[in-house]
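A.B. asks: Let me give you the structure first, and then I'll get to my questions.
The values are calculated or read from the model by the stated rules, or taken from the named source; none is laboratory data. The model shown is predicted, which means the values in this text are computed figures rather than measured ones. No Cβ is skipped: glycine too gets one built from the backbone with ideal geometry, and neighbour counts run over all protein chains shown. Just so you know, the surface numbers come from the protein's heavy atoms only, side chains and all, with ligands and any DNA or RNA stripped out. Shrake-Rupley method; radii C 1.70, N 1.55, O 1.52, S 1.80 Å.
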Amino acid sequence: MNILISALPMKHSQAIFRLIVTLAAALFLAGCKLQITVPEGGSVESTSGTYSCAAGTVCTIDVVDLLFDETFEAISAEGYSFTGWLKVDQGFCGGKTSACRLYTSPFGDYPVLMAFLADDTAATFLQPVFEATATPTPTPTPTPTPTPIPYPIVDTGQVLCYTSSGAQETCTGSGQDASHTGNAPDFTNNGDGTVTDNVTGLMWQQSPDTNGNSSITASDKMSYDDAVAGASALFLAGHNDWRLPTIKELYSLIDFRGKDPSGYNGTSTSGLIPFIDTDYFEFGYGDTSAGERIIDAQYASSNLYVSNTANDGGRTLFGVNFADGRIKGYGLSLFGADKTFFVIYVRGSEDYGINQFADNGDGTITDQATNLMWTEQDSGAGLDWDESLAWVAQKNDENHLGYSDWRIPNVKELQGLVDYSKSPDTSGSAAIDSQFITTTITNEAGQVDYPAYWSNTTHANWTNVPGANGAYVNFGRSMGYMGSWKDVHGAGSQRSDPKVGDPGDYPTGHGPQGDAIRIYNYVRLVRGGDQ
């Protein structure tokens, strides 16, 4: 072998020598170890993908191959930066270049290194250094803007609770209207004769002063036909798309902080509180100088009752009385002449008041237009006010239909269920969507009919015991005694009666139209609608 090497040119003999040493080393190579220590703040990866060492770990690689050749990359984590390799005894690399190549092919030239490579107790080291950078300011996650619903129910505004006998009581745990906060009324006075309702998005004419004399009297009132025609003639605040409001649009303005003046015999209205927010809307009670009653503050809607009532003339208009806080059906003629109404026009989306019911298949129905969930069935029996509140509490204790947060609806939520295209006489059903199951009753005239439903809203009056009456909505005929029992106000009217008592004490009803006294009303539960 030595002779062969000496006979060859020098460079060839050196190459053969390296080959012989390499082959010899390969026969006894046990292998040294490469120890990679990775602190927090990054990782070390080989570009071949063979080796990976995570943060906070020590990785050991057995080097048993004279042809070992790997490039290791220091990779910093978020919030850290690579500052260099730590140069230690028996350590590879150094400096700030993140890539470090380790290979064994030169070891054949150096017997000492070959011996090191063959020593299974020997180790060499690789250690990156990472430093924390300044904590980046996190990009705030934008709060998703909720998709507005087309029919948000404006809260009644009621802030007081009352016992069934009419005395004021604490609201906590009462289940009454004031114990639940919905979409609080929110108006903007636009300063141009209009008011914007920020909950519904509707814009309203601010005053029913149609003749513009700065006084709201009987002379401002219009017949239904004139009210319809007047919308197209109105140019106000730069807009000419005004319309007569639907009954649901008009009822969105009712405010149950008001007090009913029925039975009040005085002439001054200074101490009375109407059922509309007079901080934003101009309002006038009935014109007593023109022979009207104080409570004659009926506002016209565009909804005519689909059936007939006992009112003179047959055709009946649903109107909101902002003096006494009710919806009633009013005949379009009175004593042979056109009945007249206060009028305020509205503009904006015509989707308001249109329900979008979806049957959930579990005994509940969701109105996607209001985001309220209702029970498909009602209570199945008439209950007075106290019994109704107790029944709801019982249903919550039972986790009825999988929920324990049911409540009696407030009166505006309840009115939002009415389908004014229906009536017992025309559709043979209650004035509600056919997906709901409604118990039938026998009414005061002995007819098959549909019940009134309690709300949890007190209908306060001006007396010293203000809270004895509760508001309800008729989903069947709204009966009154006028020589005999007749439908006097229509399916979809909102009235109020004593919370407890015996309806038999009123055999011919109450008031000038003999309104039937409904004390044992039904209940349909609702949930949701939180502000």
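A.B. asks: Does the range 315-323 contain at least one residue that is out of contact with any Leu (no Cβ under 7 Å at 6 or more places or on another chain), polar (S, T, N, Q) and open to solvent by 30 Å² or more (accessible area, probe 1.4 Å)?
C.D. replies: There is no residue in the range 315-323 that is out of contact with any Leu (no Cβ under 7 Å at 6 or more places or on another chain), polar (S, T, N, Q) and open to solvent by 30 Å² or more (accessible area, probe 1.4 Å).
A.B. asks: Scan (1) at pLDDT 95 or above; (2) among the hydrophobic types (A, V, I, L, M, F, W, C); (3) closer than 21 Å to residue 259 by Cβ; (4) open to solvent by 10 Å² or more (accessible area, probe 1.4 Å) for the single condition residue 485 breaks and write down its number.
C.D. replies: That leaves (3) as the condition not met.
A.B. asks: Regarding the range 305-313, can at least one residue be identified that is in contact with a strand residue (DSSP E or B) (Cβ under 9 Å, 6 or more places away or on another chain), free of Cβ contacts under 8 Å to residues at least 60 places away in the same chain and either open to solvent by 40 Å² or more (accessible area, probe 1.4 Å) or in a loop (DSSP other than H, G, I, E, B) (or both)?
C.D. replies: Yes, the range 305-313 has at least one match.
A.B. asks: Got a sec? Which of 67, 34 is loosely packed, with under 13 Cβ neighbours inside 10 Å and either touching a helix residue (DSSP H, G or I) at 6+ places or on another chain (Cβ under 8 Å) or touching a residue at least 60 places away in the same chain (Cβ under 8 Å) (or both)?
C.D. replies: 67
Conditions tested, residue by residue: (1) touching a Ser or Thr at 6+ places or on another chain (Cβ under 9 Å); (2) within 25 Å of residue 195 (Cβ to Cβ).
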site	(1), (2)
244	yes, yes
260	yes, yes
287	yes, yes
295	yes, yes
307	yes, no
322	no, yes
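A.B. asks: Which one of the conditions (1) outside any strand (DSSP E or B); (2) modelled with pLDDT of 85 or more; (3) surrounded by fewer than 16 Cβ atoms within 10 Å (Cβ to Cβ) does residue 55 fail to meet, given that it meets all the rest?
C.D. replies: Exception for residue 55: condition (3).
A.B. asks: Here's a follow-up. Anything in the range 244-272 that is open to solvent by less than 10 Å² (accessible area, probe 1.4 Å) and among the basic types (Lys, Arg)? List them, or say none.
C.D. replies: Correct list: empty.
A.B. asks: If you check every pair at least six apart or on different chains, which have Cβ atoms under 9 Å apart with a residue in the range 325-349 that is more than 19 Å from residue 236 (Cβ to Cβ) and among the polar types (S, T, N, Q) first and a residue that is at pLDDT below 95 and in a strand (DSSP E or B) second?
C.D. replies: From residues that are more than 19 Å from residue 236 (Cβ to Cβ) and among the polar types (S, T, N, Q), the pairs are 340/334.
A.B. asks: While we're looking at this one, here's another question. Might you check whether a residue that is loosely packed, with under 13 Cβ neighbours inside 10 Å, of a type in the set (S, T, N, Q) and under 25 Å from residue 277 (Cβ atoms) occurs anywhere in the range 175-189?
C.D. replies: Yes, there is a match, as at least one residue in the range 175-189 is loosely packed, with under 13 Cβ neighbours inside 10 Å, of a type in the set (S, T, N, Q) and under 25 Å from residue 277 (Cβ atoms).
A.B. asks: Turning to a different aspect of this structure: Of the residues 302, 333, which single one is within 30 Å of residue 198 (Cβ to Cβ) and surrounded by fewer than 24 Cβ atoms within 10 Å (Cβ to Cβ)?
C.D. replies: Sole residue among the options that is within 30 Å of residue 198 (Cβ to Cβ) and surrounded by fewer than 24 Cβ atoms within 10 Å (Cβ to Cβ): 302.
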